[in-house]
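Data block below; observations after.
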């Protein structure tokens with residue numbers, strides 16, 4: 001039997017192998033670039049301004065009239081995404097027949113309980129008011145200063161990356177040296193421009209009881225307000 005077919009087959013195999021060796025190797029697709037790490041934003045500075053309106057008729061203002069306006073500067077630092085320590089300064093200028101002013105310095109500590117889109121934040125704060133805070137001491141108003149404390153409870157619902165409903169914020173406040181029961185409740189919405197910057201608006205209603213009791217039959221309503229603010233985190 002002729003061995004020519006075997007020689008031809010062997011020659012074809014050798015030629016094919018040599019041709020394949022001469023072909024350029026396939027280029028491996030480059031691995032996708034790793035996503036840039038999201039920076040951890042632990043510090044926040046903010047500013048808030050608001051007019052405040054009389055909630056009822058009184059000797060110095062009618063219901064709905066502007067009784068004062070304030071500007072508030074704040075700073076907060078977040079630890080481990082849950083603990084928050086903060087400080088703020090608020091200057092309030094009264095209008096009308098009572099054109100006095102109050103300056104408030106506050107320090108706060110808070111803890112954020114996070115449940116998916118819901119965040120519940122209780123806060124404990126200490127403050128010092130200078131000016132005419134009108135804290136009852138004995139039978140007269142103080143005119144110089146007053147240390148005070150307050151507790152708040154806030155509930156927020158995050159709709160998406162841009163919008164957050166500030167569903168409620170409830171405050172109880174009183175003075176150490178006198179009687180200055182001034183509870184308040186507010187609600188609003190926050191719009192996040194980007195991860196670092198946000199603007200917000202909220203409306204609030206406050207009560208005031210300087211009678212030394214909780215008899216709501218007395219004129220307990222104090223004032224309402226509309227606040228706008230801006231926060232920057234870094």
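The values are calculated or read from the model by the stated rules, or taken from the named source; none is laboratory data. Keep in mind that this is a model prediction, so the values were computed, not measured. Cβ: placed from backbone, ideal geometry, glycine included. Neighbour counts: every protein chain shown.
Could you grab me the full set of residues in the range 129-150 that are over 15 Å from residue 186 (Cβ atoms) and either modelled with pLDDT of 95 or more or surrounded by 16 or more Cβ atoms within 10 Å (Cβ to Cβ) (or both)?
Scanning the range 129-150 gives 129, 131, 132, 133, 134, 135, 136, 142, 146, 148, 149.
Return the residues of the range 43-57 that are surrounded by fewer than 19 Cβ atoms within 10 Å (Cβ to Cβ) and not in a strand (DSSP E or B); say none if nothing qualifies.
56, 57
Of all residues in the range 196-210, count the ones that are surrounded by fewer than 18 Cβ atoms within 10 Å (Cβ to Cβ) and part of a strand (DSSP E or B).
6
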